[in-house]
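The values are calculated or read from the model by the stated rules, or taken from the named source; none is laboratory data. All figures in this text were calculated on a predicted structure; none of them were measured in a lab. Neighbour counts are summed over all protein chains in view; Cβ atoms, including those assigned to glycine, are modelled from backbone coordinates with ideal geometry. Keep in mind that these areas ignore ligands, DNA and RNA; they rest on the heavy atoms of the full protein, side chains included. Shrake-Rupley method; radii C 1.70, N 1.55, O 1.52, S 1.80 Å.
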Amino acid sequence: MCIRDRAGVAQGYPALVPEADGTVALRVLDDPEAARRAHRRGVLRLLRLALGRDGRYLERQALDLRPVALQAAAAGGAEALARDLLEAVLERAFLGGREAPRDPEAFARILEEGRPRLPAEAERLRRVVVETLELHQRLRRRLDEGLPPAWLAAARDLDGQLRRLVYPGFVARTPDPWLGHLPRYLRAAERRLERLELDPARDRRLLAQVAPYWERYLRRASDLEAPASLPPLAREALERYRWMVEELRVSLFAQELRTAFPVSPQRLEAQWREVERLAGGG
């Protein structure tokens with residue numbers, strides 16, 4: 001689609017965009033990735049509106065987060081967490097990794113296909129969120145109690161890890177299958193804290209192994225926040241690298257919990273080379 005401005009002809013990308021009043025509006029954006037993301041959120045808003053009574057039941061009953069209301073502060077508070085969880089449920093039930101529809105027929109089709117999946121997805125994600133927040137609060141309380149000075153490096157690393165796992169919007173922004181692995185990552189961190197007390201030197205040795213990969217990811221992580229910063233395939237490769245680092249943590253600090261797939265420094269190096277290749281060497 002082309003739009004004209006005073007400078008001549010510019011490329012524009014139409015998108016349904018969520019509005020502050022709860023509706024959606026058609027806008028034309030100048031960045032294709034930003035338009036794709038906005039349109040996806042707009043379609044999710046439209047799906048919620050189309051669900052009517054089913055959507056209201058989903059919000060009030062199926063996604064009951066009262067058991068973890070006090071633990072929701074790290075996720076932006078109870079209301080923000082509820083909205084986040086609702087968006088994640090709609091995403092999984094209706095879109096499931098597919099592109100958002102752009103015509104009424106396709107929208108009607110995904111609405112019909114996804115409605116029967118809503119109850120199971122709501123229950124699955126609610127369980128994951130409740131377990132994640134309970135584990136997170138236990139870990140955060142332990143870190144906030146204050147650790148011995150000899151544990152400072154471990155405490156800083158754990159704090160940074162927790163902030164990257166649970167934050168406002170984490171439910172919708174953590175894709176499958178990684179969202180379902182969050183409780184295992186947090187259990188691994190809990191086991192690490194238990195063993196840290198017994199052998200701080202061992203923790204320092206293991207941290208020295210994981211730190212270079214984690215720091216390399218952090219230097220590039222801002223690229224995931226800016227839609228135009230990386231090509232889509234490079235973004236996917238960087239996301240996978242990020243979760244490979246979490247699996248490396250499990251393999252080092254809590255091997256008995258087992259990794260979701262084989263992971264090693266060599267595999268991480270190969271994945272990073274793939275990130276750079278897809279990003280054009282940047």
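The table for this structure:
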{"read-out": "Residues located in the range 81-107, provided they are farther than 13 Å from Val129 by Cα, of a type in the set (Gly, Ala, Ser), part of a helix (DSSP H, G or I) and touching a helix residue (DSSP H, G or I) at 6+ places or on another chain (Cβ under 9 Å)", "value": "Ala93"}
{"read-out": "Filter result for the condition that a residue is within 21 Å of Phe170 (Cβ to Cβ), within 21 Å of the chain's Cα centre (by Cα) and not β-branched (Val, Ile, Thr), over Leu233, Leu248", "value": "Leu248"}
{"read-out": "Failed item in (1) farther than 20 Å from Glu59 by Cβ; (2) free of Cβ contacts under 8 Å to residues at least 60 places away in the same chain, with Glu134 passing the rest", "value": "(2)"}
{"read-out": "Filter result for Gly42 (modelled with pLDDT of 90 or more, on the phi < 0 side of the Ramachandran plot and open to solvent by less than 40 Å² (accessible area, probe 1.4 Å))", "value": "yes"}
{"read-out": "Residues satisfying the stated conditions in the range 252-269, i.e. surrounded by 13 or more Cβ atoms within 10 Å (Cβ to Cβ), of a type outside the set (D, E, K, R), without any contact (Cβ under 8 Å) to a residue 60 or more places away in the chain and part of a helix (DSSP H, G or I)", "value": "Leu252, Leu268"}
{"read-out": "Helices (runs of 4 or more DSSP H) wholly inside the range 162-248 containing at least 2 residues that are of a type in the set (D, E, K, R)", "value": "178-198, 200-220"}
{"read-out": "Filter result for the condition that a residue is at pLDDT 95 or above and open to solvent by 40 Å² or more (accessible area, probe 1.4 Å), over Arg249, Arg219, Arg240", "value": "Arg240"}
{"read-out": "Filter result (among the aromatic types (Phe, Trp, Tyr) and within 15 Å of Gly76 (Cβ to Cβ)) within the range 138-182", "value": "Tyr167, Phe170"}
{"read-out": "Those residues of the range 47-58 which are more than 15 Å from Glu99 (Cα to Cα), surrounded by 14 or more Cβ atoms within 10 Å (Cβ to Cβ) and modelled with pLDDT of 90 or more, in sequence order", "value": "Arg48, Ala50, Leu51"}
{"read-out": "Counted residues, the range 55-84 - those being over 18 Å from the mean Cα position of the chain (by Cα) and of a type in the set (A, V, I, L, M)", "value": "7"}
{"read-out": "Criterion (hydrophobic (A, V, I, L, M, F, W, C), open to solvent by 80 Å² or more (accessible area, probe 1.4 Å) and closer than 17 Å to Arg195 by Cα) met by exactly one of Leu139, Leu152, Leu147, Leu143", "value": "Leu152"}
{"read-out": "Residue list for the range 10-29, filter: modelled with pLDDT under 85 and open to solvent by 60 Å² or more (accessible area, probe 1.4 Å)", "value": "Gln11"}
